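Chemist: Could you have a look at this structure, given as structure tokens, before my questions?
Every number here is computed from the coordinates shown, using simple stated rules; none is lab data. Keep in mind that this is a model prediction, so the values were computed, not measured. Note that we place each Cβ from the backbone using ideal geometry, even for glycine, and neighbour counts take in every protein chain shown.
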Amino acid sequence: RLDGLRTVKYQVWDENGRLSNTCTTRNRRGLFVGINKYRNSNDLRGCVADAQNISKAFANYGDCNNNHFLLDSTATKQHIIEELTFLSGRVNPGDILLFFFSGHGLEGGYLVCHDSDSREESKIASSELARLFVNFPRGLGLVCVLDACFSTGMLPNGNFGQGFREDVSQCMNE
């Protein structure tokens, strides 16, 4: 125990498969978004179950009882942003946060929320997600999994990580 919280050990391997570091984290949290039913888009199947199953798998790798869910009608743009903002004030360096989104995605790097409509501002853009992530403390183990069509559009030109890193860098310099 560390300050009354359970600890979880995780290991990091380098690109050659060698153990490079062992760390202890104080806290593991997850925000799991699954949207089957949409107000203004075609419904999907399996997204809610995916969010629930990924949450269970995440919990199997250590003590994680800080999972937050936004499913179907609760997965509005406002709620997702509020929950990420809330979590940014509840995590510390050394913690792990998993953000999982399963639902519609649109070309150009957009996540479609339950209440999204045809207006661009009703969706979550990659630049908006970057702005939210920049508010998390340095040293946080942040994992972002996007199970959505066009999710590679969150990364311009299909260059894995580069576009998102540019969005984050730009937000940090503003």
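Chemist: For region 57-136, just list the percent of Cα-Cα distances falling in each 5 Å bin from zero outward, please.
Modeler: Here the calculated profile for region 57-136 is 3, 13, 25, 23, 19, 12, 5, 1, 0.
Chemist: Per-residue counts of other Cβ atoms within 10 Å, averaged by peptide: what ranking do you get for 48-56, 27-35, highest first? Write down the numbers at each step before the final one.
Modeler: Numbers: 48-56: 17.8, 27-35: 24.1.
Highest to lowest by the protection proxy: 27-35, 48-56.
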